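Presented below is the structure to which this report refers.
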Amino acid sequence: MSAGRPPKPTEQKRKTGNPGKRALPDLKNVIALPAIRQDVPEHLSDAGQKMWLDMQGVAPWLANSDALLLTELCEKMDRKKALVDKWALAEPVLYTDKGYAYPNPLFKMLLNLEAEIIKALSLLGMTPTDRTKLGVAEVKARGKLEELLASQKKNG
């Protein structure tokens, strides 16, 4: 795989008329996956439960097949909350018995966990780049309703 611009999603190519004229997969072979219809896993704490509900609310493209990864993400959020709580009570610099300073290992653990959370979010299509790759969402400066209201206000 080469560096550079990521490939344009197939859905986007279909919308723009496939300007590159490369063969696209036949729509008959595309499988529609059912959306996640699972309750919040009971073992999750508050932070994980909140993430689960938030993700179901903002990511309609998530399917039942994503439930395992979503559960992993929510468990990581629970671990992050626990680490943040410990970090709030901890000293950022610790000392050996001979007086040498070293950073508290909790900080490195927190950084690593945050990187894992970002990776899981990315895999679930929750970053702007990943949504573009999936062709599932585009952030607009103004929605159609806002444009209509602005137009009416300007003309009326």
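The values are calculated or read from the model by the stated rules, or taken from the named source; none is laboratory data. Everything numeric in this text was worked out from a predicted model, so none of it was measured. With ideal geometry, Cβ positions are generated from the backbone for all residues, glycine too; neighbour counts draw on all protein chains shown.
Of the residues Leu70, Leu113, Leu33, Leu24, which single one is in contact with a strand residue (DSSP E or B) (Cβ under 6 Å, 6 or more places away or on another chain) and either at pLDDT below 95 or not in a loop (DSSP other than H, G, I, E, B) (or both)? Show your work before the answer.
Working: Leu70 fails: in contact with a strand residue (DSSP E or B) (Cβ under 6 Å, 6 or more places away or on another chain); Leu113 fails: in contact with a strand residue (DSSP E or B) (Cβ under 6 Å, 6 or more places away or on another chain); Leu24 fails: in contact with a strand residue (DSSP E or B) (Cβ under 6 Å, 6 or more places away or on another chain).
Going through Leu70, Leu113, Leu33, Leu24 in turn, just one is in contact with a strand residue (DSSP E or B) (Cβ under 6 Å, 6 or more places away or on another chain) and either at pLDDT below 95 or not in a loop (DSSP other than H, G, I, E, B) (or both): Leu33.
When you scan the range 85-95, do you find a residue that is surrounded by 12 or more Cβ atoms within 10 Å (Cβ to Cβ), of a type outside the set (Gly, Ala, Ser) and under 22 Å from Gly48 (Cβ atoms), even just one? First the steps, then the outcome.
Taking the range 85-95 first, the residues surrounded by 12 or more Cβ atoms within 10 Å (Cβ to Cβ) are 86-87, 90, 94.
So of that shortlist, the ones also of a type outside the set (Gly, Ala, Ser) come out as 86-87, 94.
After this cut, where a residue has to be under 22 Å from Gly48 (Cβ atoms) as well, the list is 86-87.
There is at least one residue in the range 85-95 that is surrounded by 12 or more Cβ atoms within 10 Å (Cβ to Cβ), of a type outside the set (Gly, Ala, Ser) and under 22 Å from Gly48 (Cβ atoms).
Touching a Lys or Arg at 6+ places or on another chain (Cβ under 7 Å), surrounded by 14 or more Cβ atoms within 10 Å (Cβ to Cβ) and under 17 Å from Ala47 (Cβ atoms): which single residue out of Glu116, Glu75 fits that description?
Numbers: Glu75 fails: touching a Lys or Arg at 6+ places or on another chain (Cβ under 7 Å).
Among Glu116, Glu75, only Glu116 is touching a Lys or Arg at 6+ places or on another chain (Cβ under 7 Å), surrounded by 14 or more Cβ atoms within 10 Å (Cβ to Cβ) and under 17 Å from Ala47 (Cβ atoms).
May I ask you to verify whether Leu94 is assigned to a helix (DSSP H, G or I) and aliphatic (A, V, I, L, M)? Reasoning before the result, please.
Numbers: assigned to a helix (DSSP H, G or I): no; aliphatic (A, V, I, L, M): yes.
Considered against the rule, which asks whether it is assigned to a helix (DSSP H, G or I) and aliphatic (A, V, I, L, M), Leu94 comes out as no.
Just to be sure before I move on: is Asp54 surrounded by fewer than 15 Cβ atoms within 10 Å (Cβ to Cβ), modelled with pLDDT under 95 and part of a helix (DSSP H, G or I) in the structure I sent?
On the way: surrounded by fewer than 15 Cβ atoms within 10 Å (Cβ to Cβ): yes; modelled with pLDDT under 95: yes; part of a helix (DSSP H, G or I): yes.
Spelling it out, Asp54 is indeed surrounded by fewer than 15 Cβ atoms within 10 Å (Cβ to Cβ), modelled with pLDDT under 95 and part of a helix (DSSP H, G or I).
Of everything in the range 123-148, what is part of a helix (DSSP H, G or I), surrounded by 12 or more Cβ atoms within 10 Å (Cβ to Cβ) and modelled with pLDDT under 75? Give them in sequence order. Step through it out loud before you land on a result.
Going residue by residue through the range 123-148, those that are part of a helix (DSSP H, G or I) are 123, 128-134, 144-148.
Next cut, surrounded by 12 or more Cβ atoms within 10 Å (Cβ to Cβ) only: 123, 130-134, 147.
Listed by number, the residues that qualify are Thr132, Lys133, Leu134, Glu147.
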